[in-house]
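The values are calculated or read from the model by the stated rules, or taken from the named source; none is laboratory data. Note that the coordinates shown come from a computational prediction; the quantities given were computed from them, not determined experimentally. With ideal geometry, Cβ positions are generated from the backbone for all residues, glycine too; neighbour counts draw on all protein chains shown.
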Amino acid sequence: MLETTHFTDIDDISASELDRVLTRAADIKSGDDETQLTRATLAMLFEKPSTRTRVSFETGMTELGGHALFLGPEDIQLGHGEPLSDTARVLGRYGDAIMVRLFDHEDLLEIAEHSDAPVINGLTDDAHPCQTLADLLTIREHVGDFDEVQAAWVGDGNNVGQSFVLGCAMAGIDLTVATPPAYGVDDDVLEKAAELGSTPTITTDPEEAVADADVVYTDVWISMGQEDQRHEKLQAFEGFQLNEDLLSSTDAKVMHCLPAHRGEEITGDVLEDERSLVWDQAENRLHAQKGLIVELLEE
């Protein structure tokens with residue numbers, strides 16, 4: 001089992017535990033580990049809609065011999081009519097774990113504070129640690145030992161980027177982050193990264209970021225709930241698109257957590273190119289989360 005009760009961000013676990021989760025995920029994926037969590041139940045709370053998060057968690061629990069219960073916005077109104085703390089207490093007694101996909105990170109922390117069962121962050125506006133697990137598993141499969149990998153994050157310093165920064169620091173990956181000046185990674189995340197092992201190189205030049213990269217990673221510029229910022233952000237991110245021109249000087253693999261806005265942060269040609277790891281990333285959400293759940297629940 002992991003020392004932590006909850007998985008609210010990637011740095012809730014130690015570097016050695018991160019390696020253990022990734023190794024467990026790889027063994028489950030290959031069939032070398034056939035651990036079953038018979039009759040275990042995962043309650044899943046969704047404020048935000050999702051494809052990969054819901055399907056990967058539901059499928060993962062089924063394959064582990066357990067059950068996942070979907071509770072969407074129409075099934076449960078978090079914090080409306082019943083305090084978050086009460087919901088957490090009850091669900092923590094019904095199920096073996098709770099996965100939440102919410103807007104406000106503070107709501108996640110409140111649920112974790114009052115739940116006796118492990119709480120897993122399936123995404124908040126601040127962090128997406130389950131995606132980082134899948135990203136690191138994909139990098140280890142396709143690129144090699146982390147201490148020999150140079151990665152680049154190009155685009156918005158959003159929740160996916162922030163968890164990836166922390167994950168790279170924990171894994172020992174040399175990371176460069178290129179964002180427009182007003183859309184960088186939060187200072188507190190950079191401070192955490194320094195405490196965990198290393199601070200990424202920060203630049204506003206995408207060409208500088210990708211020059212020596214083995215892996216180049218991007219995400220959407222307009223995240224869910226930011227549609228009113230669309231015009232402003234499209235102007236700010238001009239030049240940050242992953243396209244053949246930007247990547248012409250590198251053989252780097254390309255990553256994207258999906259869904260992709262083709263023609264905005266990445267072109268369709270790059271997404272479909274043989275250098276793309278995007279579909280393996282998506283599949284690895286399933287395996288990485290199974291590894292995490294087993295490590296959290298197995299006694």
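Of the residues in the range 276-290, not one is of a type in the set (Asp, Glu) and over 22 Å from THR51 (Cβ atoms).
Out of all the residues in the range 157-164, is one or more part of a helix (DSSP H, G or I), buried (at least 23 other Cβ atoms within 10 Å of the Cβ) and of a type in the set (Ser, Thr, Tyr)? Yes; the residues of the range 157-164 include at least one that is part of a helix (DSSP H, G or I), buried (at least 23 other Cβ atoms within 10 Å of the Cβ) and of a type in the set (Ser, Thr, Tyr).
In the range 212-232, the condition of being modelled with pLDDT of 95 or more, in contact with a Ser or Thr (Cβ under 7 Å, 6 or more places away or on another chain) and either more than 16 Å from ALA252 (Cβ to Cβ) or surrounded by fewer than 18 Cβ atoms within 10 Å (Cβ to Cβ) (or both) is met by no residue. Has the range 218-228 got any residue that is assigned to a helix (DSSP H, G or I) and either among the small types (Gly, Ala, Ser) or touching a strand residue (DSSP E or B) at 6+ places or on another chain (Cβ under 6 Å) (or both)? Within the range 218-228 (the criterion being assigned to a helix (DSSP H, G or I) and either among the small types (Gly, Ala, Ser) or touching a strand residue (DSSP E or B) at 6+ places or on another chain (Cβ under 6 Å) (or both)), the answer is no, since none of the residues qualifies. I'd like to check something: does the range 255-274 contain any residue that is among the hydroxyl-bearing types (Ser, Thr, Tyr), surrounded by 14 or more Cβ atoms within 10 Å (Cβ to Cβ), within 18 Å of LEU133 (Cα to Cα) and assigned by TED's automatic domain parsing to the domain that holds GLN150? No, the range 255-274 contains no residue that is among the hydroxyl-bearing types (Ser, Thr, Tyr), surrounded by 14 or more Cβ atoms within 10 Å (Cβ to Cβ), within 18 Å of LEU133 (Cα to Cα) and assigned by TED's automatic domain parsing to the domain that holds GLN150. Looking only at residues of the range 247-264 that are in contact with a helix residue (DSSP H, G or I) (Cβ under 9 Å, 6 or more places away or on another chain) and either in a loop (DSSP other than H, G, I, E, B) or of a type in the set (Gly, Ala, Ser) (or both), we find that the one that is modelled with the lowest pLDDT is SER249. Here ARG93 meets the list (1) without any contact (Cβ under 8 Å) to a residue 40 or more places away in the chain; (2) buried (at least 19 other Cβ atoms within 10 Å of the Cβ); (3) basic (Lys, Arg) almost entirely, failing just condition (2).
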